[in-house]
Amino acid sequence: MFLLRKFTDGCAFLASKMLPDSFVLVVILTLIVFGVAMPLTQQSPMEMINHWGNGAWSLLSFSMQVALGLVLGQALASAPMVQNFFKKLASVPSGPFSAIVMITFLGLFTSWISFGFGLIIPAIFAKEIAKNIKNVDYRLLIAAAYSGFVVWHGGLSGSVPLAVASGGDTLVKTTAGVLTQAIPVSETIFSGYNMAIVIVIALLLPFLLALIHPSKEDTIVVDSKLLEDVQEQEVISHENDHTIASYLEHSMLVSFAIGIFGIVYIIEHFVNGGSLNLNIINMIFLFVGILFHKTPLSYVKAIEKATKSAAGILLQFPFYAGIMGMMVGASASGDSLAGLLSLFFVHISTQDTFPLFTFLSAGFVNIFVPSGGGQWAVQAPIMMPAGTALGVEPSVIAMAIAWGDAWTNMIQPFWALPALAIAGLGAKDIMGYCVVTLLFTGLIIGLGLLFLT
C-alpha cells in the first residue's frame, strides 16, 4: 500500500507540474492530430484544416445539452431544500476514508443509471462533503466523484448498446451490413460478463481510491468558507415594491404553474415508454429546480450564478469537435486517421484477443474522439466486420468499443469539465489520481473481455 500511495503521489505531482490548463491541452491535441494525420492519410494541410472546420460545430447541440445540464443541475442544487438534504447526507461520512468510499459509490451508481446524472450529482455532493470533512484531500474527493463515470457506457444510458438495440437501416449502414437486426440489452448491458465487470469495479474501486488518500502532511484541503454559496445582492432591490411586476417575480403561484406544466410532461414521457436521455434529465433539473426555488426571481438568480461555470464547455467543445473532424476526415482513397488506428489493432488480433484489442483501440481513439456516438461511427464499420470474420459475437465487439470509449475518459478532460467547473479545479488537480482509476479499471475490463466473453 505504501508503494501504491507513493505511485499515486508521483502521478499527482507530475500532473500538477506538467499538465496545462484544459484549453491549452485541447489546442496541443489539435496540433498533434493535425501533424500526424497528414502523412499517414496523405492529405494536405488545407484538407486537414477543412476537416477541422467542417467538424468544429458538429457537437453544437450536444455542447448545449451538457452546458445546460451543468447550469440547471447547479441551480437545482442551490435550492434551500436540496442544500439541506445534501448537508444531512454529507454528515454521514466520519472521515476521509468513508468520504471517498461514499462519493465513489455515488459516482458509479449515478453514472450507471445515466451519464447525465453521473456528470453533475457526484461533483455537487463532493463539494458539500468537503465542507463537513475538514481533513479530506479535495483533489482526490473530486477525482473520486469523476472516477465513477468510468462505468457509464456499460450502463443504462450507454450510447453503443442502445444503438445496437435500436435496429433499423442506420444500424445496418453503421456496421457495414454486419447487423441486420437489433441486439437486445440482455446481450450487452445485462450480459453476464458486462455485469461482472461493473460489479467488480463497484466493489473494489471505492476502497482503492480511499486507500490512496495522501498522508496528513501531503493532504490539500479547501477552506469550507470558499465553498459556501454567497448570495449576490442586487444593485437596486425591488423586493419590497408593491407593483404587479414585483408580485409576479416573487410569486410562488407562477413557479408552481409552470413547474407542474413541466412535471406533467416528464411523467407523460416515461408513461409512454420514453428513455432517460440527456434532454429529459435537463427537463427534470429545470422544472424541479423551478419548483424548489419557489419564486421565479430566486430561480433566475440561481441560473445567472451557475451559468459562469459553463465557460470551459462553451470554449473547448468546438475544438474537440474539430479534432474529431480531422480524425474521421478521409482522403480520396478513403483513409482516415481513426480508421488506420482501428485497422492496426485488427491486424494484430486473433479470435481470442480481438475483444481486448478492440477495447484498447477504442480507448486510444477516445482520447481524440471523446464522444460515444462519434466513437461508434468511427469504429463500428471497421471492427464489426473484422470481428465477425474472426468468429467474435457482435454484441461483444459492441461492448468492447463501449468500454474503451468510457475507459480513457479518466485521462481526458472533455467529460471532466462539468465536475471541474463545479469544484473550481483544473484538470491537473485531479488527473494524477484518475490515473489510478484508469490502470485499475483497465485491468478489470481487459481481463473480463479476455476471459469472460
With Cα atoms, 0 to 90° folded angle of helix 354-368 axis to the chain main axis: 50 degrees
When region 89-181 is reduced to its Cα atoms, the Kirkwood hydrodynamic radius in Å: 14.5 Å
In whole percent, what relative contact order does region 1-126 give with Cα contacts below 8 Å and a gap of six or more residues? 16 percent
Normalised contact order of the chain, rounded percent, pairs of Cα under 8 Å and 6 or more residues apart: 29 percent
Virtual spin-label span in nm between residue 333 and residue 172, 7 Å along Cα→Cβ: 3.2 nm
May I ask you to give the solvent-accessible area per residue for the chain, in square angstrom, as obtained with a 1.4 angstrom probe? 44 Å²
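Rounding to the nearest 20 debye, state how big the charge dipole of the chain is about its Cα centre with +1 on each Lys and Arg Cβ and -1 on each Asp and Glu Cβ. Could the numbers behind the result be given before it?
Details: 17 positive and 24 negative charges, 139 e Å.
Charge dipole, the chain, about its Cα centre: 660 debye, nearest 20.
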Taking every pair of Cα atoms in the chain, average 1/r, invert it to obtain the Kirkwood radius, and report Rg/Rh to two decimals. 0.99
Residue 5: accessible area at probe 1.4 Å, nearest 10 Å²? 80 Å²
How long is region 147-194 along each principal axis, judged by its Cα atoms, biggest number first, in Å? 35, 20, 13
Rank these by accessible area, largest first, 1.4 Å probe: 326, 283. 283, 326
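Ranked highest first by the average count of other Cβ atoms within 10 Å around their residues, in what order do 273-279, 410-416 fall? Could the numbers behind the result be given before it?
Details: 273-279: 13.9, 410-416: 23.9.
The most tightly packed comes first, giving 410-416, 273-279.
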For region 1-132, what are the per-bin percents of Cα-Cα distances with bins 10 Å wide, up to the bin holding the maximum? 10, 23, 29, 24, 12, 4
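Highest mean first, what order results for 61-73, 87-99 on Cβ atoms within 10 Å?
Working: 61-73: 20.8, 87-99: 15.5.
Ranked by mean Cβ neighbours within 10 Å, highest first: 61-73, 87-99.
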In cubic angstrom, how much convex hull volume per residue do the alpha carbon atoms of region 351-438 span? 84 Å³
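Order 223, 352 by their accessible area, 1.4 angstrom probe, all chains in place, largest first.
Result, largest first: 352, 223.
Could you pull out the longest piece of the chain with no exposed loop GluC sites (Glu not before Pro) in it, calling a site exposed if DSSP puts it outside H, G, I, E, B and it has at most 13 other Cβ atoms within 10 Å?
On the way: sites that count: 228, 232, 234, 239.
Counting only loop sites that pass the neighbour cut-off, the longest clear stretch is 1-227.
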Charge dipole (the chain, unit charges on Cβ, about Cα centre) - positive-most of 124, 248, 331: 124
Which lysines does residue 87 reach when only Cα atoms under 23 Å apart count, and residues fewer than 8 places away in its own chain are ignored? 127, 131, 134, 225, 294, 301, 305
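Pulled fully out, how much extra length does the chain show between residue 207 and residue 439, if you take 0.36 nm times their separation in residues and subtract their Cα-Cα distance? Write down the numbers at each step before the final one.
On the way: separation 232, 0.36 × 232 = 83.52 nm, distance 1.49 nm.
Length gained between residue 207 and residue 439: 82.0 nm.
Find how much the distance from residue 3 to residue 87 grows on full extension, using 0.36 nm per residue of separation minus their present alpha carbon separation; answer in nm with one decimal. Walk me through the intermediate numbers first.
On the way: separation 84, 0.36 × 84 = 30.24 nm, distance 3.53 nm.
Stretched out fully, the residue 3 to residue 87 stretch lengthens by 26.7 nm.
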Assuming 0.36 nm per residue, please report the length gained on full extension of the stretch residue 348 to residue 307 beyond their Cα-Cα distance. 10.0 nm
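The values are calculated or read from the model by the stated rules, or taken from the named source; none is laboratory data. Computed from a predicted model, the values in this text were never measured in an experiment. All Cβ positions, glycine included, derive from the backbone under ideal geometry; neighbour counts span all protein chains shown. These area figures cover heavy atoms from the full protein model, side chains too; ligands, DNA and RNA do not enter into them. Shrake-Rupley method; radii C 1.70, N 1.55, O 1.52, S 1.80 Å.
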